[in-house]
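What follows is a set of notes on a single structure, which appears directly below.
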Amino acid sequence: MPKLPFRLPRLSLRLRLSISITAIVALFTLTNITYQISSQNRNLRLDNLQKAVQGQLASVTTRQTLQNQQKEILVLDALKQSGQETLSQNEIDNGIANLQEIATQIRLLGAYAYADSLAAYNDLATSHAELDMLWQQFYTRYNSDQTPLASSIEQAYDNTIALLGEFESLEIQAAEKLTERLQQVSRFNDRVTLGIYLFTIALTVGLGYLLIRYTTQSLQNLNVGTVRIGRGDLDYHIPVKSDDEIGDLTIAFNAMSDKLRNAMAQVQQSKENADQANRAKTNFLANMSHELRTPLNAIIGYSEMIIEEYGEESKLDEQQVVDDLQHILSSGRHLLQLINDVLDLAKIESGNMSVLNETFDSVKIIKNLVTTMLPLAKKNNNK
């Protein structure tokens, strides 16, 4: 594998979990945003539908009002032609008030106009202005002979009704077009929301599976290593397969295994040294027992010789007795020296012994050794 020109960041278990949680939260946030957008589009579609319904209702109401007003004009024109009726000022004012209400309804239709129907509304407003002027002239001049011709009013009315129908048709088309566009956007947002939601679920499951698998494998390797180390296989090293907390724990286990192996080796070495020291002590005690037995045998031997001579002769040789007692004294001192040497060895082990460099008489030591061994030799008939 080629070496990277830069070092990758350490993917610790905490970092893995943080990245996973952050990604999941980000996707859920994105899902919520797309859902909010879809809700807004849905609300816009409902508002557009409500606006279209209100516009249609206003158009129908306006059409009905125009028709009623035109019928009233035709009736009044017929009555005037027959010369049977005139209008009072109050009736004229009421008629003009009705015309103002119709003008207000026409202006309110502009609030429901879309971009595609705005030109048709302007034409409708212009045509209605002409019709309204003729209607007002009809009322104000009703009692005179200067009223507009019924044919002119009828033509302006028909033009206004036609433009109103065109406006209604364009309104319906614009509302349907806008609704369709909003539906497309809403469907797209719904698909995006569903896709993000499904992807979030898949990502959550995938990340969870990978984390569980990775953690399980790492813990299994760690468990195998701890079991082998627990059984005494201190030379086994757990393979380090990750640079994270579990990897650190694995390194710590391996270091603990090395320290435990070294400690066991030191304990084994100490045991061998202790066994060797015990064997040395055993050999020392055996040799020391032999060394202690030698002056004791000399003391016992000289004592037995004095007793035997005393039993055989009524009068002992004084010089011989003195010599034997001297030998007993020498052997006793030798025995005392051996005991002191044993005590000195104990001091050496405890670290309280100081060794001094002194001169000694080797001839005297050899003579004392001969004197110590002589009774044992005589007892065993050795010469």
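Between R42 and M256, full extension at 0.36 nm per residue minus the direct alpha carbon distance yields a gain of 70.5 nm.
The aspartates and glutamates within cross-link reach of K281, meaning a Cα-to-Cα straight distance under 20 Å and a gap of 8 or more places when in the same chain, are E272, E291, D341, D344, E349.
Label-to-label distance, T282 versus Q54, with points set 7 angstrom from Cα along the beta-carbon direction: 11.4 nm.
What the phi angles of region 182-197 give under the Karplus curve with 6.51, -1.76 and 1.60, with θ = phi - 60°, is a coupling list of 5, 5, 4, 4, 5, 5, 4, 5, 5, 5, 5, 4, 5, x, 5, 5 Hz, glycine and proline written as x.
Taking each residue as 0.36 nm, the span from T359 to Q67 lengthens on full extension beyond its C-alpha to C-alpha distance by 89.5 nm. Pop the C-beta distance of S144 and R107 into the FRET formula with R0 = 35 Å and round what comes out to the nearest 0.05. The formula returns an efficiency of 0.70 here.
Between Q268 and V322, the FRET efficiency from the beta-carbon distance, with R0 = 35 Å, is close to 0.05. The L219 and T179 beta-carbon pair, evaluated with R₀ = 56 Å, returns a calculated FRET efficiency of approximately 0.45. Using the alpha carbons alone, the radius of gyration of region 154-266 stands to its Kirkwood radius in an Rg to Rh ratio of 1.76. Across region 253-264, computed HN-Hα scalar couplings (Karplus, 6.51 cos²θ - 1.76 cosθ + 1.60, θ = phi - 60°) run 5, 5, 5, 5, 5, 5, 5, 5, 5, 5, 5, 5 Hz from first to last residue, x flagging Gly and Pro. Within region 13-220, the proportion of C-alpha pairs whose separation exceeds 24 Å stands at 62%. Taking label points 7 Å from Cα along the Cα-to-Cβ direction, I24 and I201 give a separation of 1.5 nm. Going from the fewest other Cβ atoms within 10 Å to the most, the residues S330, S88 appear in the order S88, S330. Placing dummy labels 7 Å off each Cα toward the beta-carbon, the span from D233 to E130 is 10.6 nm.
No lab work stands behind these numbers, since they all come straight from the coordinates. If you're wondering where the values come from, they're calculated on a predicted model, not measured in any experiment. Here Cβ is always computed from backbone atoms with ideal geometry, including for glycine, and neighbour counts include all displayed protein chains.
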